[in-house]
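The values are calculated or read from the model by the stated rules, or taken from the named source; none is laboratory data. Keep in mind the model is a prediction, meaning the values are calculated, not measured. Here Cβ is always computed from backbone atoms with ideal geometry, including for glycine, and neighbour counts include all displayed protein chains. Accessible surface is based on the protein model in full, side chains and every heavy atom, while ligands, DNA and RNA are left aside. Shrake-Rupley method; radii C 1.70, N 1.55, O 1.52, S 1.80 Å.
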Amino acid sequence: MKLFMDTGNLRDIEAFAPLGIIDGVTTNPSLMAKEAGEPREILKEICRTVKGPVSAEVIATDVEAMIREGRDLATIDPHIVVKLPFGKAGVQACHALTAEGIPVNMTLIFSPTQALLAAKVGAAYVSPFIGRLDDIATDGMDLIEQVVEIFDNYEFGTEVLVASVRHPIHVVQAARLGADVCTCPTTVIEALFKHPLTDLGLERFLKDYEKAQAARAHL
Ligand code: E4P
């Protein structure tokens with residue numbers, strides 16, 4: 001499963017990129033609004049840092065403006081994936097941009113039918129929002145299971161990108177269900193590394209080694 005970072009924060013991306021675990025980045029208008037600086041420049045730097053797919057979302061809401069903005073975003077860097085909000089306008093714009101060879105990430109997916117329609121118009125990714133479904137007492141992972149099954153049935157090339165991830169259990173569930181990508185906020189990526197027994201184990205190894213060294217020195 002590919003791991004994307006769900007952030008517009010360049011420093012966070014620069015901190016994790018050298019580890020070799022980050023395959024791409026997703027941003028959205030809310031995430032970009034948190035960052036100081038010109039969004040275009042930030043996106044350019046993110047692309048340069050990750051050298052993988054970077055989703056940049058349009059602000060436009062009508063078809064023609066979405067297509068125009070999508071084309072413009074795609075000129076920032078060859079790694080840019082244009083993120084379009086799901087809806088009739090988004091589906092039509094996806095159809096047009098995909099025909100031009102511009103990859104699209106269809107966002108704000110909350111049902112299997114929305115995912116199916118996005119796949120039909122050639123979206124490179126669909127982004128079902130798991131955490132926001134869980135927030136309203138609906139099982140977000142159940143949606144992932146259904147979308148993975150539907151895409152497998154018809155061998156759609158569209159990748160299932162698990163979004164709105166809140167904790168490491170979401171990552172484990174996404175991987176067990178065979179999702180293609182999981183995009184995580186920095187806090188969740190950080191949490192994927194942690195286990196108290198790993199810390200304790202290392203502490204014990206080092207202490208035992210030091211003890212043995214000290215004993216040898218006294219021989
Ligand atoms: C990713 O593409 C989405 O923009 C993001 O995961 C939304 O997450 P949130 O529900 O935590 O805002």
Value of relative contact order over the chain, rounded to a whole percent, pairs C-alpha under 8 Å and six or more apart: 17
Highest-MSF residue in the chain out of ALA93, ALA17, ALA36 [GNM, Cα springs under 10 Å]: ALA36
Top of PHE129, PHE110, PHE205 by mean-square fluctuation, Gaussian network on the chain, Cα under 10 Å: PHE205
Charge context of ARG166, other residues only, Cβ under 13 angstrom, K/R +1, D/E -1: -2
Within the accessible area of the stretch 1-106 (1.4 Å probe), percent carbon and sulfur: 54
Heavy-atom surface of the chain, accessible at 1.4 Å and reported per residue (Å²): 53
Amide H within-cut-off set for VAL25, under 5 Å, with H built and near neighbours excluded: MET5, VAL54, SER55
Given 12 as the ceiling on other Cβ atoms within 10 Å, longest exposed-site-free region of the chain for trypsin sites (Lys or Arg not before Pro) in DSSP loops: 35-193
Within a Gaussian network of the chain (alpha carbon springs, distance under 10 Å), most fluctuating of LEU197, LEU97, LEU177: LEU197
The stretch 63-159: GluC sites (Glu not before Pro) falling in loop per DSSP and having at most 10 other Cβ within 10 Å: GLU100, GLU155
Length added when fully stretched, GLU203-ARG216, from 0.36 nm per residue minus Cα-Cα: 2.7 nm
Amide H contacts under 5 Å for LYS83, placed H, 5+ residues apart: ALA56, GLU57, VAL58, ASN105
Exposure of LEU116 as accessible area (Å², to 10), given a probe of 1.4 Å and all protein chains: 60
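Would you mind checking the pairs LYS2/LYS194; LYS2/LYS83; LYS51/LYS120; LYS2/LYS120 and listing those with alpha carbons more than 25 angstrom apart?
Values: LYS2/LYS194 19 Å; LYS2/LYS83 18 Å; LYS51/LYS120 28 Å; LYS2/LYS120 23 Å.
From the list (LYS2/LYS194; LYS2/LYS83; LYS51/LYS120; LYS2/LYS120), the Cα-Cα distance tops 25 Å for LYS51/LYS120.
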